[in-house]
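The values are calculated or read from the model by the stated rules, or taken from the named source; none is laboratory data. None of these values were measured; they are calculated from a predicted model. Cβ sites come from the backbone with ideal geometry, for glycine too, and all protein chains shown count toward neighbours. Surface areas here come from the heavy atoms of the whole protein model, side chains and all, with no ligands, DNA or RNA. Shrake-Rupley method; radii C 1.70, N 1.55, O 1.52, S 1.80 Å.
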Amino acid sequence: MAVSYLSSVPKLLGRENYEEWSYAMENFLVLGGLMKCIDGSESDTVLIGKAKAKIILSLDFSLYVHVREAT
């Protein structure tokens, strides 16, 4: 059975919880082997897509408008 730690990452609400969210998200991406996607050294578009999806799913719905076109 696969374990998902995404539920351990608080939803990013905005400035008020950015520090907690970014710390938890960084560790979540480390567990998934996706940190190269964040530092720009990954070229595999599938892995980059997975990292982006995980980040977006950790955002509050109200923030989607700000990241919809992000790469």
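Highest mobility in the GNM of the chain, judged by mean-square fluctuation with C-alpha springs under 10 Å and restricted to Lys11, Lys54, Lys36, is found for Lys36.
Over the chain, with every protein chain in place, what whole percent of the accessible area is carbon and sulfur at 1.4 Å, could you tell me?
59
Near Lys50, once Lys and Arg are set to +1 and Asp and Glu to -1 for all other residues with Cβ below 14 Å from its Cβ, the sum equals +1. Listed options for P(r) over Cα pairs in 5 Å bins from 0, in percent are (i) 4, 16, 25, 23, 15, 11, 4, 2, 0; (ii) 3, 16, 27, 26, 20, 7, 1, 0; (iii) 4, 15, 30, 24, 15, 9, 4, 0. The value calculated from this structure is the one marked (ii).
Heavy atoms of the protein chains alone define the surface here; on that basis the chain has 76 Å² accessible area per residue at 1.4 Å probe size.
Amide hydrogen proximity for Leu12: with H placed 1.01 Å from N in the peptide plane, the residues at 5 or more positions away or on another chain lying under 5 Å are Leu59, Asp60.
Across the stretch 53-59, computed HN-Hα scalar couplings (Karplus, 6.51 cos²θ - 1.76 cosθ + 1.60, θ = phi - 60°) run 4, 5, 5, 4, 5, 9, 9 Hz from first to last residue, x flagging Gly and Pro.
Which of the GluC sites (Glu not before Pro) across the chain are loop residues per DSSP, with 12 or fewer other Cβ within 10 Å?
Values: sites: Glu16, Glu19, Glu20, Glu26, Glu42, Glu69; in loops: Glu42, Glu69.
Filter output for the chain: Glu69.
Picking from Ile48, Ile38, Ile56, which is most flexible by a Gaussian network model of the chain using Cα springs under 10 Å? In this elastic network of the chain, the residue with the biggest mean-square fluctuation among Ile48, Ile38, Ile56 is Ile38. For the chain, a crude dipole built from +1 on the beta carbon of Lys and Arg and -1 on the beta carbon of Asp and Glu, taken about the Cα centre, is about 220 debye to the nearest 20.
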